[in-house]
1. For the chain, what does -39500 (n - 2.57) per DSSP helix run (n ≥ 4), summed and divided by total residues, give at 222 nm, in deg cm²/dmol to the nearest 500?
2. State the percentage of accessible surface on the range 1-106 attributable to carbon and sulfur atoms; use a 1.4 Å probe and exclude ligands, DNA and RNA.
3. How much solvent-accessible surface does Met22 expose, in Å² to the nearest 10, with a 1.4 Å probe and all protein chains in place?
4. For the range 94-153, list log₁₀ I(q)/I(0) at each q in 0.18 Å⁻¹, using the Debye formula over Cα point scatterers of equal strength and ignoring solvent, two decimals each.
5. Bins of 5 Å, beginning at zero and ending with the bin holding the largest distance: percent of Cα pairs per bin for the range 1-141, please.
6. Roughly how many percent of the accessible protein surface of the range 118-162 is carbon and sulfur, given a 1.4 Å probe and a whole-percent answer?
7. Can you tell me what the convex hull of the Cα atoms of the range 68-118 projects to on average, as an area in nm²?
8. If I ignore ligands, DNA and RNA and count only protein heavy atoms, how much of Ser36 is accessible to a 1.4 Å probe, in Å² to the nearest 10?
Amino acid sequence: MRRTISFRRARMDDVALVHKWMNEDHVHPFWQLNFSFDRFEKHYRKALIDTHQTLYLGMVDGEVMSYWEAYWVEGDVLENAYSPKACDQGIHLLIGEKDYLGSGFALPLLRAMVRFQFQHEATTKVVAEPDIRNDKMIHIFERCGFAPITPIQLPDKKAQLMFCEREVFESRWNDEYKKADL
């Protein structure tokens, strides 16, 4: 059965849903944003207006089920972890709805978002820095075309720095994108 993946920009009226996801047992150990609603609302409002990132909600067949942060490495804490090029982008993600966990949606969603990020012609690299304990996400990133570079210490976590080079991604997925995503 063919499924449709789509994304839309996150809005302030999504805050309750994203807050709920941040408090899920499969999310909060890695995101560490399981704050009170008032504190999270302030964090989320600030993130929405932050010009170095764009927040998205991911959907399968129109059902909102994931949260994404696409960001420019320049201006991010990650720029101190390696020597970024001006248009390197990064990605954070979580599958919020439990019904979608372990159902094979993470990889097609990640592929779609990374393909979207590479639409910016000057972007030759998309980076990720999942929590080093998050073996499942590290595996999904690797399957998408991200290569583990080195463990790094960020202010809020020990992370696995990973790079996805445009050439690697396109050679891996160009034929696949001529077919259905799922």
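The values are calculated or read from the model by the stated rules, or taken from the named source; none is laboratory data. The structure displayed is predicted, hence computed values, not measured ones. All Cβ positions, glycine included, derive from the backbone under ideal geometry; neighbour counts span all protein chains shown. Just so you know, the surface numbers come from the protein's heavy atoms only, side chains and all, with ligands and any DNA or RNA stripped out. Shrake-Rupley method; radii C 1.70, N 1.55, O 1.52, S 1.80 Å.
1. One gets -9500 deg cm²/dmol as the mean residue ellipticity at 222 nm.
2. Numbers: 2740 of 5580 Å².
Solvent-exposed carbon and sulfur of the range 1-106 make up 49 percent of the total.
3. Per-residue accessible area (Met22): approximately 0 Å².
4. -0.71
5. P(r) over the range 1-141, rounded to whole percents: 2, 9, 19, 22, 23, 16, 7, 2, 0.
6. Taking all protein chains in place, the range 118-162 shows 51 percent carbon and sulfur surface.
7. 4.2
8. Roll a 1.4 Å probe over it and Ser36 shows about 70 Å².
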